[in-house]
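Chemist: Below you'll find the structure I mean.
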Amino acid sequence: MSAVNDRAKARRRDRRVYLRGHPLLFGLLAATRGRAVRRLGGTLLVHGEEAYREALTRLPLDRTAAGTTGGAARSALGGGAGGVLFDQEGGGHRADRRALAERLGTAGVARLRREWGPSLVRGLAPLSRGGEVDVVELARELAGSVVCGLLEVRGDPRVLAEAAARAAAASVRGHLPGPKRPGARAEAARAADRLRLLLGGGEDALPAMVAVAAVNTTVAALPRAVAWCADAGLWEQAADAELRPRLVEELLRVTAASPVLPRVAAAAGTVGGCPVRAGDRLVLVARHAAGAHLRDPDGRDPAGPGVARLVFGAGPHACPGARLAEVLLGDVLEALAPYRPVVTGARVDRRAALPGWRSLTVGAGA
């Protein structure tokens with residue numbers, strides 16, 4: 001099979017996580033991406049790279065509004081007096097981000113690698129025996145290990161990760177437009193309570209928010225990245241110590257674990273030349289701003305860190321876990337590369353908070 005056909009196969013498979021998981025939303029975004037900014041009533045769909053940056057760095061945003069990331073997190077997890085990071089402003093926000101950034105610095109990530117290392121070796125062992133590995137299950141255990149190490153909690157990483165995934169999925173279902181399923185709010189509350197209990201209880205919702213963010217982005221992005229490598233024939237790049245860091249950036253850019261950032265304008269302004277009113281909703285399409293729909297991942301011809309990092313946000317509110325995500329994915333690709341895995345089965349997760357696979361099994365290639 002030619003390289004062009006390999007990449008076409010990879011694109012088709014990856015597109016399934018959007019069209020089967022959230023067909024109406026992503027169908028709308030695909031239909032409107034021809035313009036950098038498009039207004040639909042009181043909502044602005046922001047697709048363009050510069051408009052996306054402008055919205056995140058120059059426009060005042062209401063971080064507690066219903067339907068935003070912060071509003072949904074506060075509603076689902078109960079922000080308490082301290083908030084849940086995504087809904088914070090001012091000194092409290094800066095202090096919490098600073099503390100989290102310190103834990104996710106070079107020394108912190110090195111410490112966390114010791115947490116996920118044994119899980120990675122154990123999880124990939126079946127490949128050496130001719131067996132198969134469910135990369136979603138592996139990603140869930142790795143993410144749970146990271147959370148346990150980051151928050152210094154004891155317990156089964158897989159149980160913790162499953163609880164974080166359920167809390168996120170229940171919260172998203174409660175905030176999507178359309179009729180609400182009976183009992184959805186109570187289900188979300190139970191899921192959040194279980195997660196907080198596993199994290200040691202207490203009134204502070206910030207640990208639960210960190211767990212939700214770490215688990216759901218990892219479980220969404222990592223298996224999709226592996227599928228891209230398998231389908232597009234990228235294992236040679238993954239095995240190359242010089243190319244691998246650039247391939248990792250490219251895969252994170254294209255998989256865009258949080259493809260859409262919902263926000264609300266706190267004051268009037270402009271985005272991409274389009275007037276914005278206070279209270280307008282903004283759907284910031286990180287996937288399109290980073291060119292994930294236009295440019296396939298390639299460590300030999302990368303889009304560049306300035307573009308790749310857009311999937312982690314921009315400005316003072318950019319995700320502090322970017323380095324952690326890069327190191328973790330790099331370790332997974334390095335460990336998988338000798339096996340040249342091929343995808344043997346894949347099922348979309350229709351209930352997950354973020355587009356991703358419910359299962360993605362791989363076996364060693366020829």
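Chemist: Compute the orientation-averaged projected area for the chain from the convex hull of its Cα atoms and round it to one decimal in nm².
Modeler: 17.4 nm²
Chemist: When you count, for each residue, the other Cβ atoms within 10 Å and take the mean per peptide, how do 275-284, 205-214 rank with the highest first?
Modeler: Result, highest mean first: 205-214, 275-284.
Chemist: Hey, can you rank 44-53, 137-146, 234-243 by average C-beta count inside 10 Å, highest first?
Modeler: Listed from highest to lowest mean packing, they are 137-146, 44-53, 234-243.
Chemist: With each run of n ≥ 4 DSSP H residues scored as -39500 (n - 2.57), what mean residue ellipticity at 222 nm is computed for the chain after dividing by its residue count and rounding to the nearest 500 deg cm²/dmol?
Modeler: Computed ellipticity for the chain at 222 nm equals -17500 deg cm²/dmol.
Chemist: Taking neighbour counts of Cβ atoms within 10 Å as a proxy for exposure, in what order, fewest first, do 106, 68 appear?
Modeler: 106, 68
Chemist: What are the semi-axes of the equivalent ellipsoid for segment 100-178, taken as the square roots of 5 times the Cα gyration tensor eigenvalues, largest first, in whole Å?
Modeler: 25, 21, 10
Chemist: Sticking with this one: For the chain, give me the percentage of DSSP beta bridges that are antiparallel, rounded to the nearest 5 percent.
Modeler: 85 percent
Chemist: In percent, how large is the relative contact order of the chain, given Cα pairs closer than 8 Å and 6 or more residues apart?
Modeler: Computed value for the chain: 27 percent relative contact order.
Chemist: Further, regarding this structure: For every other residue with a beta carbon closer than 13 angstrom to the beta carbon of residue 39, add +1 if it is Lys or Arg and -1 if Asp or Glu, then tell me the sum.
Modeler: Neighbour charge sum, excluding residue 39 itself: +3.
Every number in this text was worked out from the coordinates using simple rules, so none of it is lab data. Worth saying up front: this structure is predicted, and the values here are computed from it rather than measured. When we count neighbours, we look across all protein chains shown, and the Cβ atoms used for this are built from the backbone with ideal geometry, even at glycine.
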